[in-house]
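Report on one structure; see the data block that follows.
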Amino acid sequence: MNLHSNREKMASLWTLHKSWVVISLLMTYVLQCSAQTECGSHLTVKDLEVVVQGRCLDFQRTVQTNLCANGIKNCNDLWTKFNTSFAEKPQCNITANFFDDFIAAADHDINGTQLFWSGVWGFAQKYSDGGKRYTTLEDTMIGYLLNGLSFCGGEAGSNSSLSCPSRDADKCPNTASGAFWTAASLNFAKKASGHVYVLLNATKDPVFKSSSYFWSNEVPTLRAGFVERLSAILINDSPSTKRDPCANDEMLQQLKSNLTTRNINFDCVENPRDLVNLYCVDNPTSEVCGSSGLTTGSATSVRCRNIFLIQLVFLMIFAIQ
Ligand code: NFD
């Protein structure tokens, strides 16, 4: 009888424990998920102010210190101009010209060689090396302040639990971030002169979209008579499947004829060594890295480990005998 009631006690304790484990797991899941939604959403205007003001100071005091020679820009003033361009406006009716005052105030001369890009966000910035090798829009103050940030106008702009609308030709054609990047890319292209470059992802088909900012804003804005040449630099991580995109890609042919009619020279290079070397640091297993011989280091170490294991087995057999 005693044994029986002890068993019952143990069973009910176990059930209690199980319930606690299930409840704890559920609570962990809920807490983790709500935290992730919070972290992954856009920045509210309040948080955006902190980031933009911080980046504004950082850009002028540590990133591009040479700009200070012309007088430091007032970050409060820049934030006010940026904020009033979109924050209190209907979230789907914000157009590029709303940002005119901000663009004019944040604009500065570009000293380096301009690099446009499409389909290679992040990699283009690594290649430009913070303006040391090339200058992308993101290496200028306008691009630096907002690069990688998600924001919008209207009610969602100040409420992180509402989501920002995605750009949609019918339902929401003119978002704040779309309008901002349109204004920024038009301004960047307007300033181009001499020999400029574009970095493209040749693994994509076509190499850039007809709806891209590069094709729809930047290319038409390049000024004939100022821009002498545009060189396309392609990273093609699967050269055996996507063969000779410089000659075969439909959009690149359109780019070439567009520029030629405006007397802007065009040339195209696929997988130059410096670009491939940089790409392979983060993508060592891709085809182009294997073919360039850059992964032989890791292949060698695998081979050496296998040889070592075989030798060990032989030694053990030898010792047993
Ligand atoms: P795209 P594109 N994380 O690759 N630009 O030709 C974040 F946060 O088709 C620069 O249309 O090229 N954003 C920017 C990302 C924006 C990510 C627009 C990612 N992982 C235009 N991946 C910019 N810095 O954001 C992609 N994006 C977004 C000028 C990115 O924010 C540059 O001077 C942008 O909305 C460049 O010559 C979009 O992907 C050309 O226009 C870019 O789409 C690139 O525009």
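Coordinate-derived values only; no laboratory data. Owing to the predicted nature of the structure, the values given are computational and were not obtained by experimental measurement. No Cβ is skipped: glycine too gets one built from the backbone with ideal geometry, and neighbour counts run over all protein chains shown.
On a straight-distance basis, which lysines could pair with Lys73 in a cross-link, Cα separation under 29 angstrom, same-chain partners fewer than 8 positions away excluded? Partners found: Lys46, Lys81, Lys89, Lys126, Lys132, Lys190, Lys191. Computed from backbone phi with θ = phi - 60° and the Karplus coefficients 6.51, -1.76 and 1.60, the 3J(HN,Hα) list for region 69-77 is 4, 8, x, 6, 7, 7, 5, 5, 5 Hz; x is used for glycine and proline.
Once backbone amide H atoms are built at 1.01 Å from N, Asn265 has Arg229, Leu230 as its partners under 5 Å, excluding neighbours fewer than 5 places away on the same chain.
Pairs of alpha-carbon atoms within less than 8 angstrom and 6+ residues apart define the contacts here; what relative contact order does region 112-220 have, in percent? Show your work: numbers first, answer last.
Details: 119 pairs, mean separation 36.9, N = 109.
Relative contact order, region 112-220: 34 percent.
For Val198, the residues whose modelled amide H falls within less than 5 Å of its own, excluding neighbours fewer than 5 places apart on the same chain, are Phe116, Ser231, Ala232, Ile233.
Taking chymotrypsin sites (Phe, Trp or Tyr not before Pro) across region 116-151, the ones in a DSSP loop with at most 16 further Cβ atoms lying within 10 angstrom of their Cβ are Trp121. For region 141-158, the Karplus equation 6.51 cos²θ - 1.76 cosθ + 1.60, evaluated at θ = phi - 60°, returns couplings of 4, 4, x, 4, 4, 10, 4, x, 9, 10, 8, 7, x, x, 5, 4, x, 10 Hz by residue, with Gly and Pro reported as x. Using the beta-carbon distance between Leu149 and Asp274 and R0 = 30 Å, what value does 1/(1 + (r/R0)^6) give for FRET efficiency, to the nearest 0.05? For R0 = 30 Å, the calculated efficiency reads 0.50.
Express in nm, to one decimal, how much length is gained between Asn70 and Asp129 on full extension, taking 0.36 nm for each residue of separation and deducting their alpha carbon distance. Display every interim value, and only then the final one.
On the way: separation 59, 0.36 × 59 = 21.24 nm, distance 2.35 nm.
So the chain would gain 18.9 nm between Asn70 and Asp129.
Phi angles of region 193-200 translate, via the Karplus equation with coefficients 6.51, -1.76, 1.60 and θ = phi - 60°, into HN-Hα couplings of 8, x, 9, 10, 10, 9, 9, 10 Hz per residue; Gly and Pro are given as x. Taken along the Cα-to-beta-carbon direction at a fixed 7 Å, the label points for Arg223 and Lys46 span 4.4 nm.
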